[in-house]
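The next block holds one structure in the form of structure tokens; read it before the comments.
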Amino acid sequence: MRVYVPLTLPGLAEAHKTGELGSGPFVAYAVTPALREWYVSDDLEELEYAALSRAALASLRLLAVDAGAVRRRVVVAVDVPDSAARVDPDRGLDPATLGEVTVSVTVPLAKAAAVHVDADDAQEDVAAAARALEAADAGDDDAQFVVDGADDHELLWFATQEIPNLVDLG
């Protein structure tokens, strides 16, 4: 199963240093039954993009609590055994947790398929979105508009060999 792990650049640097993307359990995002139902598509590529987008939002949440991190969302795509990623059936239809899975195993960073990171020009909008996240969660429509502005920036795709260059950005 392909999962998308939300990180920050300091988190990616730590994974690069330790060689582990995470030692279970940790939260990631994947194409779950609830995500399929919500997205209403049978196109796997579109569904994986939706899971990647959910992970990008989770990365934004990590940035909101880490004031020192460079304002660029980071998502690592990695394949794990199906048995290693569990969906909580009690939270499956909660809009806040769509696509969320718990990965129960240690995942070597070397198993990553790709890394997705915001471009430099996204930093201002991502910073504003991180600041507005709490108000958006409380129902502020103007703040939600600011948070949605981060989605106007597509995450760039990087090969895993480029991780050393990416961690130098943070």
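Bear in mind that the values in this text are calculations on the coordinates, not laboratory data. These figures come from a predicted structure and were not determined experimentally. Because the Cβ atoms are built from the backbone with ideal geometry, glycine has one as well, and the counts that use them run over all protein chains shown.
Using only DSSP helix segments of four residues or longer, with each worth -39500 (n - 2.57), what per-residue ellipticity at 222 nm results for the chain after dividing by its residue count and rounding to 500?
Values: 6 runs with 69 residues, N = 170.
That comes out to -12500 deg cm²/dmol.
Which stretch or stretches of region 152-166 have amide N atoms under 19 Å from the point lying 7 Å from residue 16's Cα along the Cα→Cβ direction?
Within reach of a label on residue 16: 155-166.
Go ahead and run the numbers for FRET between residue 105 and residue 67, Cβ-Cβ distance against an R0 of 35 Å, rounding to 0.05.
0.65
Please label the shape of region 91-170 as rounded, prolate or oblate, based on the square roots a ≥ b ≥ c of the eigenvalues of the alpha-carbon gyration tensor (a/c under 1.5 means rounded; beyond that, a/b larger than b/c means prolate, else oblate).
Oblate.
Using 0.36 nm per residue, how much length does the chain from residue 145 to residue 128 gain when fully extended, once their Cα-Cα distance is taken away? Walk me through the numbers on the way to the answer.
Details: separation 17, 0.36 × 17 = 6.12 nm, distance 1.05 nm.
My answer for the length gained is 5.1 nm.
State, to one decimal in nm², a quarter of the convex hull surface area for the C-alpha atoms of region 2-167, i.e. the direction-averaged projected area.
Details: hull surface 37.3 nm².
Taking a quarter of the hull surface, the average projection is 9.3 nm².
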